[in-house]
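Quick notes on the structure that follows.
The values are calculated or read from the model by the stated rules, or taken from the named source; none is laboratory data. Please read these numbers as outputs of a predicted model, since none were measured by experiment. Cβ: placed from backbone, ideal geometry, glycine included. Neighbour counts: every protein chain shown.
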Amino acid sequence: MAELRRTMLYDLHLSRGAKMVPFAGWEMPVQYPMGVLNEHLHTRSHAGLFDVSHMGQVILRGPGAAEALEGLVPADIVGLAEGRQRYGLFTNDAGGILDDLMIANKGDHLLLVVNAACAEQDIAHLRQLEARGISVEPVTDRGLLALQGPEAEAVLARLVPGVAAMRFMDVAEFDWQGATLWLSRSGYTGEDGFEISVPGDRVVAFAEALLAEPEVAPIGLGARDSLRLEAGMPLYGHDMDGSTLPGEAGLGWSIPKARRAGGARAGGFPGADPILRELAAGPVRSRMGLRPEGRAPIREGVEIFDAAEGGTAIGTVCSGGFGPSVGGPVAMAILPAGLAPGATLWAELRGKRIPVAVTPLPFHNPSYKR
Amino acid sequence: MLKYTEDHEWLKQDGDEIVVGITAHASEQLGDVVFIELPEVGREVEAGEEIVVIESVKAASDIVAPVAGVITAVNEALPDAPGAVNEDPLAAWFFRIKPASADLSGFMDEAGYQALIG
């Protein structure tokens, strides 16, 4: 196995007592002494600092970069205003999802943030745009932090005046003691917050400055997972992969009218035919929330049945666990579309069928500043 | 005096019964416990039989019967407050078992257990 990579914050994690685990080829903090449960609750009530430097940051530069990227991503990138960010998908020829990503329009370039596990493949995929005169520049000299939670704005504004004016999905650059920060008001927790790209030689100092604020605690990947699960956000490789159509994954909303059949820039991305056909007809299967009865967590891989005994397996849990803010187990599964909210299904756990209620996503309503 | 098993359980002899819980080391390894399923009182169990399901925020695991015997009582407060296992693992007992043989001399003492977990 290849050597695990370490982010610029590795020593900081150790100094804070983090338990480190392998994740997507990186050695990352899964939790700190506070523990997953309290880290989760702290983020929902105060502010949590996450090291997300393992994620890939990529700059696309050149005339027509937005048009060119629309050839790989079924989103409205041409219409993305300067200073704004949007969610999108890389798709394959079968209409499946290669990765999900954030795309920011920073005026003279686009800034992409992609999943760590897919970064290498995504960059290779993007390199086909070079034939159209677009430069593809992986950003390797910056760390990436996420500050999330209802107190994130107040904390960050103390260090970086002016950030409070940003709204959800805005992007902007700010100076912090001579270092240029790339900010976006976004995240992966269902809370208001920011993702902050910091020059590598200053990222530890900036993280320490945030952690010195009384509202801020360091948060590991364990709580990141339960936070995003409660927020109903899919995780690549679990809730979607190369065989999942966007509609099935519950991500049809990321494909706007302009890119759909009859739109101004319809199609023109890998898998356009199956993807647009699915969106026009309505998905046959769709990602839904499940609330299990009782306290037992229903985890990834558990089969979902349509009857308390016998019956048919109609889907498999793609993400599931304990939701600390919900105060009970929560799960997501891709199931036949059209199941009514509140409908009862059964999860087979240790040979027993546990009733689970179909629940609209998210489990926890986001607190974004729109 | 407490005895310990290789499965990170603590055992406390109380008359002709044994009280069973998990060690602080085990509760730290598990992380925050969110679900516990206890055996039925009166159940006859074999040594090594998985009789408690314990789930943390991270994963599911089992607690096994340390000896063969009959379950005489369970800590009914635990399923409603599973976090007690993290707060005070020595107070958060899981079940009492009346063993077929009362001999606990085969289990580790504190020093032996500390050597095991290093």
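Pairs are defined by a Cβ separation below 6 Å, a sequence spacing of at least 6 or placement on different chains, a first member in the stretch A:15-33 that is basic (Lys, Arg), and a second member that is buried (at least 16 other Cβ atoms within 10 Å of the Cβ); the pairs so defined are A:16/A:32; A:16/A:218; A:19/A:30; A:19/A:31.
Output the qualifying pairs, or none if there are none: Cβ atoms under 7 angstrom, residues six or more apart or on different chains, first residue in the stretch B:85-107 and within 20 Å of residue B:27 (Cα to Cα), second residue among the charged types (D, E, K, R). From residues that are within 20 Å of residue B:27 (Cα to Cα), the pairs are B:86/B:32; B:96/B:17; B:107/B:3. Here the stretch A:65-117 is the region considered, the condition is being in contact with a Phe, Trp or Tyr (Cβ under 7 Å, 6 or more places away or on another chain) and polar (S, T, N, Q), and the residue that is farthest from residue A:25 (Cα to Cα) is A:91. In the stretch B:40-55, the qualifying residues are those that are touching a Phe, Trp or Tyr at 6+ places or on another chain (Cβ under 9 Å) and either surrounded by 22 or more Cβ atoms within 10 Å (Cβ to Cβ) or over 20 Å from residue B:6 (Cα atoms) (or both), and the one that is farthest from the other protein chains (Cβ to nearest Cβ) is B:41. The set of residues in the stretch A:286-319 that are in contact (Cβ under 8 Å) with a residue 40 or more places away in the chain and either acidic (Asp, Glu) or within 14 Å of another protein chain (Cβ to nearest Cβ) (or both) comprises A:292, A:293, A:294, A:296, A:298, A:300, A:302, A:303, A:306, A:309, A:319. Within the stretch B:91-114, the residues that satisfy the criterion of being within 13 Å of the chain's Cα centre (by Cα) and part of a loop (DSSP other than H, G, I, E, B) are B:91, B:92, B:93, B:94. Residues in the stretch A:43-91 that are acidic (Asp, Glu), within 26 Å of residue A:154 (Cα to Cα) and surrounded by 21 or more Cβ atoms within 10 Å (Cβ to Cβ): A:51 alone. The helices (runs of 4 or more DSSP H) falling completely within the stretch A:203-285 that include 3 or more residues that are within 14 Å of another protein chain (Cβ to nearest Cβ) and modelled with pLDDT of 95 or more map to A:221-230.
State whether one or more residues within the stretch B:75-90 are surrounded by fewer than 22 Cβ atoms within 10 Å (Cβ to Cβ), in a helix (DSSP H, G or I) and either of a type in the set (Gly, Ala, Ser) or touching a Lys or Arg at 6+ places or on another chain (Cβ under 7 Å) (or both). Yes - at least one qualifying residue is present in the stretch B:75-90.
When the stretch B:1-47 is filtered for residues that are of a type in the set (Asp, Glu) and in contact with a helix residue (DSSP H, G or I) (Cβ under 6 Å, 6 or more places away or on another chain), only B:32 remains.
Return the residue satisfying two criteria in turn: it lies in the stretch A:18-37 and is within 12 Å of another protein chain (Cβ to nearest Cβ) and under 26 Å from residue A:2 (Cα atoms), and of such residues it is surrounded by the most Cβ atoms within 10 Å (Cβ to Cβ).
A:31
Restricting the stretch B:40-74 to residues that are of a type in the set (Gly, Ala, Ser), in a loop (DSSP other than H, G, I, E, B) and over 11 Å from the mean Cα position of the chain (by Cα), the residue that is nearest to residue A:34 (Cα to Cα) is B:59. When the residues of the stretch B:15-39 are filtered to those that are more than 14 Å from every other protein chain (Cβ to nearest Cβ) and part of a loop (DSSP other than H, G, I, E, B), the one that is surrounded by the fewest Cβ atoms within 10 Å (Cβ to Cβ) is B:15. In this structure, does residue A:322 turn out to be within 14 Å of chain B (Cβ to nearest Cβ), surrounded by 14 or more Cβ atoms within 10 Å (Cβ to Cβ) and of a type in the set (Phe, Trp, Tyr)? In short, yes. Set side by side, the residues B:3, B:58, B:12 differ, and just one is among the basic types (Lys, Arg) and at the interface with chain A (Cβ under 10 Å from one of its Cβ atoms), which is B:58.
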